[in-house]
1. Of the cross-linked pairs LYS23/LYS294; LYS108/LYS182; LYS108/LYS299, which ones have a Cα-Cα span greater than 31 Å in the structure shown?
2. Return one number: the angle in degrees, 0 to 90 and rounded to the nearest 10, between the long axis of the Cα atoms of helix 128-140 and the longest principal axis of the Cα atoms of the chain.
3. If you line up the Cα atoms of region 129-280 on their principal axes, what length do they span on each, largest first, in Å?
4. Note down the net charge around TYR278, summing +1 for each Lys or Arg and -1 for each Asp or Glu among other residues with Cβ under 11 Å from its Cβ.
5. Add +1 for every Lys or Arg and -1 for every Asp or Glu among the other residues with Cβ under 10 Å from the Cβ of ARG50, and state the total.
6. Search the structure for amide H atoms under 5 Å from the amide H of VAL112, placed 1.01 Å from N in the peptide plane, and list their residues when 5 or more places away or on another chain.
7. Among GLY157, PHE213, GLY229, pick out the residue whose Cα is farthest towards the positive end of the charge dipole of region 129-280, where Lys and Arg carry +1 and Asp and Glu carry -1 on C-beta, about the Cα centre.
8. Can you tell me which aspartates and glutamates have their Cα less than 19 Å from the Cα of LYS207? Leave out same-chain residues fewer than eight positions away.
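No lab work stands behind these numbers, since they all come straight from the coordinates. This structure is a prediction, so every number in the text was calculated from the model and none was measured. All Cβ positions, glycine included, derive from the backbone under ideal geometry; neighbour counts span all protein chains shown.
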Amino acid sequence: MKAAFTTGYGGPEKIEYAEDLPKPQLADEDHVMIKVAAASLNPIDGVRNRGYLRFLVSDKHPHIFGYDVAGVVEDAGPKADGFSVGDRVYSRIPLGPQGTVAEYVSVKGEFVSLAPSNVSLSDASSFPLVGLAVVQAFRAGNLKNGQTIFISKGAGGVGTFAIQLAKHVYGCHVITTATEDKAQLLRDLGADVVIDYTKVNFRQVVKNVDFSFDVSNEPYAHAAITKRGGYVVALRGIPSPEAIHDTFNYEVPFVLAKALKVVNVTAYAIRRLYGVQYHAFSGRPSGADLAEIKEYIEKGQIKPVIDTMFDIRNARQAMEKVEGGHSTGKVVVRVDTSVDM
Ligand SMILES: NC(=O)c1ccc[n+]([C@@H]2O[C@H](COP(=O)([O-])OP(=O)(O)OC[C@H]3O[C@@H](n4cnc5c(N)ncnc54)[C@H](OP(=O)(O)O)[C@@H]3O)[C@@H](O)[C@H]2O)c1
């Protein structure tokens, strides 16, 4: 089968493309085999490719990378309830041996949902990882309708999804950060206030928000702008052992768990200093949550924001684009346009 893969730990220079990789088997009776139309990339792909997750998972090379996928069900195991051959689906796969930038991937049915019917599968592949992280983070921080939310890094894959969810589903007052050239796009998506982070430090001008979504790894600045009793939910920072367990289904060894707790003084310090709740958070795979996101997309509340679509042969350039850190929305790798409906 066609796939893009890394030949060893390292940057995009380690990425190659071939058409003669072995097609995977349906991994279990509760799995579906997805014929992949497209896979979107995320910063975590670069992190894993460079070997920084080696303490959680050790990759065998060649390693096919990628977490996000949209495609068509080619085969469904007898226990993959609710899926039939030919269904259009999307998924964010869990940490495992094979990723999604390939012609086929076998995924446990509970992590898969029917894809939104009003967008192409290439567009659908842009949503899962960022969408799940945002939906689950808003829940973790108890976001309520009509609250004021601050979202840093508004123009990235996470930010563009978060602005739309906060505005069009939660009816929030949305404050975010981006350069001037990206501000109008973010206003169109639903931002009420866009702060140019290259000219103004948001900490100087934002006050008393109910919920602060830390996408830029600035925990103390986010805490400082949050009202007492409010929530800071951080997508970066050091996750707790419990978050690692939930996300990766991996029991953190005792010594490492202790070390993480000691290093994770941020949450403790922030609670003490600012009187706000602080969660370092990681999104989890979930077909049920993807089904919820599908509804938002079909109602037109959330639209895809895609920086660039690359052909799978150019997966290396796609990864360079993601690691460059300046993408507006998502980077998508198109695998098979013949199934992209
Ligand atoms: N824990 C989780 O579950 C989870 C899930 C998804 C993502 N994440 C993390 O969340 C972060 C965001 O991911 P992403 O997918 O949105 O992509 P990203 O590549 O981090 O975002 C790129 C965008 O952010 C803008 N940007 C860069 N620095 C900024 C700053 N200081 N202030 C405001 N905007 C800034 C860039 O615009 P310019 O450079 O042009 O200004 C670009 O538009 C990453 O660190 C990622 O690893 C975590």
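1. Numbers: LYS23/LYS294 29 Å; LYS108/LYS182 38 Å; LYS108/LYS299 27 Å.
In this structure, LYS108/LYS182 lie more than 31 Å apart at Cα.
2. Helix 128-140 sits roughly 40 degrees off the main axis of the chain.
3. Ordered largest first, region 129-280 gives principal extents of 48, 31, 29 Å.
4. Details: positive: ARG271, ARG272; negative: ASP214.
My count for the surroundings of TYR278 gives +1.
5. On the way: positive: LYS14, ARG48, ARG54; negative: ASP45, GLU323.
Neighbour charge sum, excluding ARG50 itself: +1.
6. Long-range HN contacts for VAL112: GLY287.
7. It is GLY229, whose Cα lies furthest towards the positive end.
8. ASP192, ASP196, GLU218
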